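In what follows, a structure is listed as structure tokens, so that the remarks can point back to it.
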Amino acid sequence: MSEPHKETPEELDRANERPVDEAAPTGGAKLDEPNPSPVRGEEVLLEVDHVTLRFGGVVALNDVSFSLRKGEIFGLIGPNGAGKTTCFNAMTGVYRPTSGAIRFQGESVVGKKKHEITRGGIARTFQNVRLFPEMTALENVMVGADAHHKTSVISALFRLPRFWSEEKSGRARSIELLKFVGIVHRAGDVSRNLSYGEQRRLEIARALATNPTLLCLDEPAAGFNPAEKEELLQLIRKIRDTGVTVLLIEHDMRLVMGVTDRIVVLEFGKKIAEGTPAEVRDNPAVIAAYLGVPTDAA
Amino acid sequence: MTTTTEKATWRSSGGVRGWFGRQPGWVRGIIVLVSAILAFLLPYAAEVPLIGPQIVTEGIDWPSALFNMSYYVLLALGLNVVVGYAGLLDLGYVGFFAVGAYGTALLTSPDSVLYADTGWKWLMAVPVALALTMVAGLILGWPTLRLRGDYLAIVTLGFAEIIRIFATSTTTLRGDRGFASIPHPPGMWNGKPIFGVTDAVPYFWLGLVVIILVILGVRNLDRSRVGRSWLAIREDEEAAEIMGVRTIKYKLWAFAIGAFIGGLGGVLFAGEQGFINSQTFVLQFSILVLAGVVMGGSGNMAGAILGGALISYIPDRLRGISLGDTDLYEYRFALFGLVIIIIMVLRPQGLIPSRRRAMELKDREKEVAPQ
Ligand SMILES: Nc1ncnc2c1ncn2[C@@H]1O[C@H](COP(=O)(O)OP(=O)(O)OP(=O)(O)O)[C@@H](O)[C@H]1O
Ligand SMILES: [Mg+2]
């Protein structure tokens, strides 16, 4: 597939210097509207507490701390290699932090198995789409729905009542989710045959099928054109409106500014800024980071 | 509403599979039923004018050849679960066949050290032998959970060799001398035992019944959470786990179920032959079954059945045909290799590819084709 679109410095420059609604060619009037999350509370959902993660000599996360509140859309941004994906990986049990703690709903996720974390309520998508390519779109989503099912091998083998009821409800729910993300017409198609945009949506549906409290999206708009980005934005809001907290990694500054409630900015594994989109946008360290100017020179 | 979408895609695919998918449910039911009846009538294939005599084997009694096919098909079905569904490359599958056969022999043969205590009939030994193979499946599965691909293949290869060498060198398992007088399956008809020494037809039928039960069982698993989990593991193990699949559990189940089916082949084999020794379970056996699965179409039961039947049928059919002074059977592996190469060149996805596998290959073609 095509390379994920990365903002050029020029584009970012424009996004930063000018008011967002002028810069957005995407019917972006909506983008800069005040966008308070209706169900947002003060309750802390996820807490990243002084997390450091090293790969040999590379410090991918350096003493990073932030916390997510229930019901908000939270942005995690930063230039390439800043450690955003690594942060997701630490939260979902793929990597174990070298030091520090990650707590979800008050409980530590460090050392937990990946599938336990998922059942605990954190779902994610991947920067490079990782669907099950030979399974149909519907089957892909049903794998997610199975996360909370209890059908045993024995009840599947002998077609016991639990199998029928879970299969039926799982299927119905998966179809609902395919409708929700707008690709139900591809339900029976093998997922590798879906278009790139459809695959990204399918990944979101599959993650939602695990019934998450927190949904982590890793650059869901990468490679999208402006119209597709706008649609995605609507989808993210719709997801938030169902009560799911969203953690969003995104390169497109306009998209992040328009949809998020709060943002954390990483650079070289360090948190360099945190705040509302407006605060972050005007932060000189952030502008410098995005323009590739060393922070100390800014 | 989605079922219509699904059927629509299925319908659009060509070939026999596409045609079969387009038929209404009752037509498909009748086709399956008729094929099952025809399978039961296979021992009388020689009676069919013209083609019959071409099909049946010459150098080996036809019902015996059919029975051989039946346990090879069982092995292929079992290996298909491990390799085709869960994507775990197992080169030591014959090990489970051996455990099933040795389990039966140990419990029933007068040559066994256990005979004084057990001396069981065949049927009593079956569940114990099968439980034993499942345990063997877990024993192989547990330490290899973290391995994939080539590494798993090497370890499983070693596993089968360990079992064979163990059988050769321990006195309890009697090496070459083997176990004789393993009892046959029970049952009387007109005052004579159904399962005798001369007529292999009842054994073939028994094998067919077991195959049908296995097909139904595996199909039920495939079209459930279990099958989805296996496929997801095969496609992307880490992504599967992140989507909530308990990968360890389902990999162990794949090994245990595969082992169980292989063990079924083993107990049937022991019950028919009445004699087994360590020469029976050579490594070629595993490779052959794997070749059958791949040739037939990995990940698809119809393909595994066809592949399993062919790997047994082709060599048996070659028996008794002489070329110059030598029996063609002597060249069976050479000829067989040739047949496999031809099939894999002409149909890389296998004879009856899984629906998904076929699409994948088509896609690859599209990718490499100039735009
Ligand atoms: N498995 C790994 N082994 C070694 N180094 C790694 C590994 N994963 C990530 N890194 C390194 O950690 C740093 C952070 O990578 P990460 O993928 O988290 O960045 P990112 O912010 O997601 O960047 P991008 O915008 O390019 O996706 C990079 O220097 C990367 O090379
Ligand atoms: Mg990344």
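Throughout, read-outs are computed from the coordinates displayed, never taken from laboratory work. These numbers were taken from a predicted model, which means no experiment stands behind them. Backbone-built Cβ (ideal geometry, glycine too); neighbour counts: all protein chains shown.
Values as computed for the structure displayed
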read-out: Computed E for residue A:99/residue B:248 - FRET, C-beta separation, R0 25 angstrom, nearest 0.05; value: 0.35
read-out: DSSP beta bridges in the protein assembly as shown [antiparallel fraction, %, rounded to 5]; value: 60
read-out: Separation of the residue A:63 and residue A:242 label points, Cα + 7 Å toward Cβ, nm; value: 4.0
read-out: 4 °C / 1.567 mPa s Stokes-Einstein diffusion coefficient of the protein assembly as shown, Kirkwood radius on C-alpha pairs, µm²/s; value: 46
read-out: Globularity ratio of segment B:119-239, using Cα Rg and 2.2 N^0.38 Å; value: 1.43
read-out: Pairs beyond 21 Å (Cα-Cα), from A:179/A:238; A:113/A:179; A:168/B:251; A:150/B:249; A:114/A:238; value: A:113/A:179; A:168/B:251; A:114/A:238
read-out: Pair residue A:172, residue B:322: separation of 7 Å Cα→Cβ label points (nm); value: 7.2
read-out: Alpha-carbon centroid distance for the pair segment B:237-308 / segment A:81-122, whole angstrom; value: 37
read-out: Estimated translational D of chain B in µm²/s (Stokes, Kirkwood radius over Cα pairs; 20 °C; 1.002 mPa s); value: 98
read-out: Using a Förster distance of 51 Å, the FRET efficiency for residue B:150-residue B:50 (Cβ separation, nearest 0.05); value: 0.60
read-out: Semi-axis lengths (Å, descending) of the ellipsoid that matches the C-alpha gyration tensor of segment A:122-211; value: 24, 13, 12
read-out: Dipole-positive endmost among B:209, B:40, B:20 within chain B (Cβ charges, Cα centre); value: B:20
read-out: R0 of 22 Å, Cβ-Cβ distance residue B:344-residue B:19: FRET efficiency to nearest 0.05; value: 0.35
read-out: Neighbour-limited loop hits for chymotrypsin sites (Phe, Trp or Tyr not before Pro), segment A:139-195 (at most 15 other Cβ within 10 Å; DSSP other than H, G, I, E, B); value: A:158
read-out: Among B:302-312, B:256-266, the order from most to least packed when residues are scored by Cβ within 10 Å on average; value: B:256-266, B:302-312
read-out: Added length on full extension, which subtracts the Cα-Cα distance from 0.36 nm per residue, residue B:212 to residue B:169; value: 11.8 nm
read-out: Shape call, segment A:170-240: gyration tensor on alpha carbons, a/c limit 1.5; value: oblate
read-out: In order through segment B:115-127: 3J(HN,Hα) via Karplus (6.51 cos²θ - 1.76 cosθ + 1.60), integer Hz, x for Gly, Pro; value: 4, 4, 7, 9, x, 6, 7, 3, 4, 5, 6, 4, x
read-out: 3J(HN,Hα) from dihedral phi, segment A:267-272, Karplus parametrisation 6.51/-1.76/1.60, rounded to Hz, x for glycine, proline; value: 8, 6, x, 10, 7, 9
read-out: Convex hull volume of segment B:61-282 per residue (C-alpha atoms, cubic angstrom); value: 120
read-out: Segment B:61-282, relative contact order in percent, only Cα pairs under 8 angstrom and at least six apart counted; value: 42
